[in-house]
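Structure, as structure tokens:
Every number in this text was worked out from the coordinates using simple rules, so none of it is lab data. In this text, all values refer to a predicted model and were calculated from it rather than measured experimentally. Don't worry about glycine lacking a Cβ; one is built from the backbone with ideal geometry, like all the others, and counts go over all protein chains shown.
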Amino acid sequence: MNKTCDFLVIGSGIAGISFAIHAAKYGSVVLITKKQDSDSNTNYAQGGIACVLNSNDSFESHIDDTVIAGAGLCDNEAVKIMVNEGPARILELLDYGAQFSLDDDDKAKTSENTDSKNPYNFHLGREGGHSANRIVHARDLTGKELETKLLKKLRELKNIIILENHCAIELITGHHIKTAANQYKCFGAYVLDSVNRHIFAVSAKVTCLASGGAGRVYLHSTNPSIATGDGVAMAYRAGAKVANMEFIQFHPTTLFHEKANSFLISEALRGYGAVLRNAAGDEFMKRYHPQASLAPRDIVARAIDNEMKVSGLPCVYLDVTHKDAQATIAHFPNIYNRCMAFGIDITKNLIPVVPAAHYMCGGVVVDYCGNTDIENLYACGETASTGVHGANRLASNSLLEALVFSYRAAINASKRIEGCHQINAENIPIWDDSGTTDFEEWILLSHNLWEIQSVMWDYVGIVRSNLRLNRAMRRINLLEKEIEDFYKRTKITHQLLELRNVVTTAKLIIVSALKRKESRGLHYTTDYPEQNKRGWKKNTILSNRSKSPHSTGLMECTQQ
Ligand code: SIN
């Protein structure tokens, strides 16, 4: 049975939920999520939310730090909006019941506290690239605290339907609707109920893509398994512009242990005083950057990569043993307990760490109110490219960006739904899966996924070259053809949808990386090791508009 609503939200991380909470004041909302509603990148965020909430800090300083990290590609206006509007969004989280770590032995606001810019007495942490303490956090479980409180608020609202275990297959655009004048207008999405394997259409006046990032395009990632680039891939196939996909952030420190599944060791631990050492005990970051272990993330990740290549060893180490053990446990209970489970007592032992794919700085191009270039389609959170991150995201800016721009998107969308023509759900063509059969060798899908992830890890990682990127392109082209073939003749499952999105996203990353003939921010290539000062301060934009939309994820790439 098809469904109708004012707002369709795809994704249940901080961006999707906060868009839904605000949109629900103006109309009916359907929110779909691939697994349970709390399965999102947000839930895994440890560090916190960067925000100016202290009179020793300033908006200008946060803006400068963000722009410096972004290596010439930040949209300054977007950065200003995020920084200036940040505090209001943090205070709203308190209204939803969020509890952040406080200074002064966790005492709540007291009358003696006279700092008017930090009236809630938040404990403000420090992370790489920030010139002040400005990270609001809930010990090392910030994402979980936010996700829990946002979901609680969402569930209290009346006109929201949450559909768990539902995946978006494809955006419904003018291409599907015979009477539509505009081919690049969105009318909702085709959705798979992955438990009952039933496909239906959701007709929506506004659709918001908030499906998170794409860390799972890589073999090693801090992201949960749901981070498969769905929003970017679907939007690209529907004809939306996608920007700066070459800028994939690798987090320098994830736990190196065969069973740890790239568990994140928060940068906040370095902000607290932990230092990086190699196997010889050398505090090697001092040789790479004046800020040593707290240097910007791209520099730390490349330095670790280099140390591992030079030593031939599979990891480096994070050392927090010089800090007070009880304080370390109190501030980082999650990291402490997780490492303990693998026999590593971080108050006494060095923590073996390696980099892993962490954050997609590019995404679907949006304006300052979340509008994509497809009418009635919005994007926010990691799926969107607002211009805030430029070529390299400053630590802990992503949750802030998601909060600020999802709010702006919801307010903008609430105006759009007035007078918006909606297609009657029953007039949307039913999903045509004639000629498809149930495929028996599902194991081949996981082989394909592993191949893509390995290719991306080996050839499109922290240090790139034309040779490696072209090698990756040839392999991904082959895999893409195989997957399209599966897709055309097989009854859809959520694994197949994810695989198709992974291969499209992988290709967007490679094509973008091949286009950028310089090293900038997170994109480092040995063929062009310097930043090109002339003419290259520009975004890498990809668009599918000249191709046949939706039918295939295939795209041309001129090898360079
Ligand atoms: C971390 O806790 O190190 C991650 C924070 C971020 O990626 O912004």
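Tabulated data
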{"read-out": "Interchain or long-range residues, amide H under 5 Å from Thr173's placed H", "value": "Phe187"}
{"read-out": "Order of Ser221, Ser12 - criterion: other Cβ atoms within 10 Å of each residue's Cβ, fewest first", "value": "Ser221, Ser12"}
{"read-out": "Kirkwood hydrodynamic radius of the stretch 338-392, from inverse mean 1/r over distinct Cα pairs, in Å", "value": "14.2 Å"}
{"read-out": "Surface/4 estimate of mean projected area, convex hull on alpha-carbon atoms of the stretch 214-373, nm²", "value": "11.1 nm²"}
{"read-out": "Between 0 and 90°, nearest 10: helix 494-515 axis offset from the chain longest Cα axis", "value": "70 degrees"}
{"read-out": "Fewest-first ranking of Met245, Met308, using other Cβ atoms within 10 Å as the exposure measure", "value": "Met308, Met245"}
{"read-out": "For the stretch 390-404, 3J(HN,Hα) per residue [Karplus equation, 6.51 cos²θ - 1.76 cosθ + 1.60, θ = phi - 60°, Hz, x = Gly/Pro]", "value": "x, 8, 6, 7, 6, 3, 6, 7, 6, 5, 5, 4, 4, 5, 5"}
{"read-out": "Lys pairs under 15 Å by Cα in the stretch 413-554, provided they are eight or more residues apart or on distinct chains", "value": "7"}
{"read-out": "The chain: angle of helix 142-156 to the longest principal axis, Cα-based, in degrees nearest 10", "value": "40 degrees"}
{"read-out": "Stokes-Einstein diffusion coefficient of the stretch 1-103, Kirkwood radius over Cα pairs, 20 °C, 1.002 mPa s, in µm²/s", "value": "132 µm²/s"}
{"read-out": "Whole-Å semi-axes of the stretch 361-427's equivalent ellipsoid (Cα gyration tensor)", "value": "27, 12, 9"}
{"read-out": "Share of Cα-Cα pairs in the stretch 152-236 lying beyond 16 Å, as whole percent", "value": "63 percent"}
{"read-out": "Kirkwood Rh, Cα atoms: Rg over Rh of the chain", "value": "0.96"}
{"read-out": "Local electrostatic count at Leu449 - Lys and Arg +1, Asp and Glu -1, tallied over other residues with Cβ under 10 Å", "value": "-1"}
{"read-out": "Residue order, fewest to most beta carbons within 10 Å, for Lys185, Lys507, Lys309", "value": "Lys309, Lys185, Lys507"}
{"read-out": "Cβ crowding within 10 Å averaged over residues, with 378-389, 247-258 ranked highest first", "value": "378-389, 247-258"}
{"read-out": "Under-5 Å amide H pairs with Ser203, H placed in peptide plane, nonlocal only", "value": "Lys3, Thr4, Cys5"}
{"read-out": "Cα long-axis angle, helix 76-95 against the chain (0 to 90 degrees, to the nearest 10)", "value": "80 degrees"}
